Amino acid sequence: MKQLWAPWRMPYLKNDFPAGGHECIFCRKVHCEDDAKEHVLFRGQHCFITLNLYPYNNGHMMVVPYRHIGKLEELDEPTVSEMMRLTQRALRVLNAAYAPDGFNIGINQGEAAGAGIAAHLHQHIVPRWRGDTNYMTVIAETRTIPEWIDQTYERLKALWAEMFPEGKGEKEPHESET
């Protein structure tokens, strides 16, 4: 029998996240000094793009506003517009990196809708391939991710800089309204 080890997923499966009194993981990323450590791919004026630490598939990105807001209707228009522009760029990068057959793109607003971090709105961009839901997902409730997150980060960060050279890894000024 073969074993698939993915112990880094256990906190997610157990819903074992820091409780009150700890900084929001997205707010921590807003203020971090080491984008590679936090897997932040790009920083815009109102939003940033980061990899999901518990990905559904390789390349699972999130577009996150800097502001700590839980409802889409509370975001200002410039932030919403930038979320969509960054989503378009993320799709171009993911197509170049992985050639997926499709994407799931969306926001889970509120815990009842499945938001793991309901207090800080974020939009998921998940590459999908025909047949990526198999017996492992259906029977064992386990996803097989074939690439380490640091490798995914390096691949996507290099492609982002190549495809969008104006952001060559440098942080753009932004309004940090957390």
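Could you say whether any residue in the range 165-176 is among the small types (Gly, Ala, Ser), modelled with pLDDT under 90, assigned to a helix (DSSP H, G or I) and surrounded by fewer than 17 Cβ atoms within 10 Å (Cβ to Cβ)? Yes, the range 165-176 contains at least one residue that is among the small types (Gly, Ala, Ser), modelled with pLDDT under 90, assigned to a helix (DSSP H, G or I) and surrounded by fewer than 17 Cβ atoms within 10 Å (Cβ to Cβ). For the range 51-66, the criterion of being more than 22 Å from residue 155 (Cα to Cα), at pLDDT 95 or above and not in a strand (DSSP E or B) is satisfied by at least one residue.
Here are some residues: 97, 36. Which one is under 18 Å from residue 152 (Cβ atoms), surrounded by fewer than 16 Cβ atoms within 10 Å (Cβ to Cβ) and touching a helix residue (DSSP H, G or I) at 6+ places or on another chain (Cβ under 8 Å)? Lay out the reasoning, then the answer.
Working: 97 fails: surrounded by fewer than 16 Cβ atoms within 10 Å (Cβ to Cβ).
Just one listed residue meets the conditions, 36.
The values are calculated or read from the model by the stated rules, or taken from the named source; none is laboratory data. Keep in mind it's a predicted model, so treat the numbers as computed, not measured. Backbone-built Cβ (ideal geometry, glycine too); neighbour counts: all protein chains shown.
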